[in-house]
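Novice: A single structure is presented below for examination.
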Amino acid sequence: MTTLHRTDFDATLADVAVVEGWMTDAQAKRLWDRAREVPSGGRIVEIGSFRGRSTIVLARAAAADVEVIAIDPHGGTDRGPQEISTTVDQGEQDHQVFLANLARAGVDDRVSYVRQPSSAAGAEVPGPITLLYVDGAHRFGPARADIRDWGARVAPGGTLLVHDSFSSVGVTGAIATELLDGRAGFWYVGRSGTLAEYRRTELDATSRAANAGRQLAELPYFVRNLLIKVVILLRLRSLTKFLGQPTGEWPY
């Protein structure tokens, strides 16, 4: 398979449109831009790949000498909204579709795939991380461990991206615990939908207070997303348009 590097974003967006997953065009663009910024010899790590939608974007955007690592156990658990647990067979199907999608996109030889839970995959990824994308299990415990343990390996000046921020209760709780006060050294840059971006940097007391304020300002967005989910669970999808979600989709 011919490897594709730094191909046009619009073409990549069209290619991943047929790949199942939860990633808006704006989120894809943020992933693309951050991956393109990774310097020669850098390392990109993705936690939670599902069927390869975001993996393809990262691999297409990264320079040829940037390492791209995808971590996902594909065990049938934590597949997506309201699918915390399915079956091993479902996980195996996701695994096979993931590999087929990477091959079809021409990035199968660009991605080092670790089929393990993120909690067990640390030894498979040596050295510091330039760009870390966290989209693994959304329950509080696993999400907190991913942000804390893998985030600690992000190099100074590196980037941490967290999906389903200010939407998933577990992920948002993990952010509040690990990132809100700034002691971990991550400055909140902003978000594309629920995809939050942080930059690893030194923060003094004043900067930490400002950093907390910037994240707390997302509380109305968090409440809005929770209300949308409640309305959907109550089978009142038509009402989501009044909350700014005319499609009736689960917010992501």
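Novice: Counting only residues that are among the aliphatic types (A, V, I, L, M) and in contact (Cβ under 8 Å) with a residue 60 or more places away in the chain, which one in region 122-142 is farthest from residue 198 (Cα to Cα)? Working first, answer last.
Specialist: Just the residues of region 122-142 that are among the aliphatic types (A, V, I, L, M), to begin with: 123, 125, 129, 131-132, 134, 137.
Now drop any that are not in contact (Cβ under 8 Å) with a residue 60 or more places away in the chain, which leaves 125, 129, 131-132, 134, 137.
Working: 125: 21, 129: 14, 131: 10, 132: 10, 134: 11, 137: 19 Å.
Only one residue tops the list, namely 125.
Novice: Is it true that some residue in region 197-211 is in contact (Cβ under 8 Å) with a residue 24 or more places away in the chain, in contact with a strand residue (DSSP E or B) (Cβ under 8 Å, 6 or more places away or on another chain) and in a helix (DSSP H, G or I)?
Specialist: Yes: one or more hits.
Novice: Filter region 9-38 for residues that are part of a loop (DSSP other than H, G, I, E, B) and among the small types (Gly, Ala, Ser) and give the result. Lay out the reasoning, then the answer.
Specialist: First, the residues of region 9-38 that are part of a loop (DSSP other than H, G, I, E, B): 17-24, 38.
Once the filter is applied, which keeps residues that are part of a loop (DSSP other than H, G, I, E, B) and among the small types (Gly, Ala, Ser), region 9-38 yields 17, 21.
Novice: Separate question: Suppose we filter region 212-227 for residues that are closer than 21 Å to residue 134 by Cα and not in a helix (DSSP H, G or I); how many remain? Give the steps one after another, and end with the answer.
Specialist: Start the filter on region 212-227 by keeping residues that are closer than 21 Å to residue 134 by Cα, which leaves 212, 214-216, 218-219, 221-222, 225-226.
From what is left, the residues that are not in a helix (DSSP H, G or I) are 218.
Adding up the residues that qualify gives 1.
Novice: Residues of region 39-67 being within 21 Å of residue 191 (Cα to Cα), assigned to a loop (DSSP other than H, G, I, E, B) and either modelled with pLDDT under 95 or of a type in the set (S, T, N, Q) (or both), which ones?
Specialist: Within region 39-67, 49 is the sole residue that qualifies.
Novice: Name the one entry in 52, 48, 75, 41 that is at positive phi, of a type outside the set (Phe, Trp, Tyr) and surrounded by fewer than 20 Cβ atoms within 10 Å (Cβ to Cβ). Outline the logic, then answer.
Specialist: Working: 52 fails: surrounded by fewer than 20 Cβ atoms within 10 Å (Cβ to Cβ); 48 fails: surrounded by fewer than 20 Cβ atoms within 10 Å (Cβ to Cβ); 75 fails: at positive phi.
It is 41.
Novice: Could I ask something else about it? Quick check on my filter: what residues within region 175-196 are assigned to a strand (DSSP E or B) and without any contact (Cβ under 8 Å) to a residue 40 or more places away in the chain? Full working, then the answer.
Specialist: To start, the set of residues in region 175-196 that are assigned to a strand (DSSP E or B) comprises 186-192, 195-196.
Listed by number, the residues that qualify are 186, 187, 188, 189, 190, 191, 196.
Novice: For the list (1) farther than 23 Å from residue 155 by Cα; (2) small (Gly, Ala, Ser); (3) surrounded by 14 or more Cβ atoms within 10 Å (Cβ to Cβ), I need the number of the one condition that residue 217 fails.
Specialist: Single failed check for residue 217: (3).
Novice: May I pose another question? Of everything in region 85-101, what is at pLDDT below 90 and acidic (Asp, Glu)? Give them in sequence order.
Specialist: Pass one, region 85-101, residues at pLDDT below 90: 85-91.
89, the sole residue that qualifies.
Novice: Also, quick follow-up: Of the residues 36, 104, 115, only one is modelled with pLDDT of 95 or more, touching a Lys or Arg at 6+ places or on another chain (Cβ under 9 Å) and surrounded by fewer than 23 Cβ atoms within 10 Å (Cβ to Cβ); which?
Specialist: Numbers: 104 fails: touching a Lys or Arg at 6+ places or on another chain (Cβ under 9 Å); 115 fails: touching a Lys or Arg at 6+ places or on another chain (Cβ under 9 Å).
Within the list 36, 104, 115, the selection yields 36.
The values are calculated or read from the model by the stated rules, or taken from the named source; none is laboratory data. Owing to the predicted nature of the structure, the values given are computational and were not obtained by experimental measurement. Note: ideal-geometry Cβ built from the backbone for every residue, glycine included; neighbour counts use all protein chains shown.
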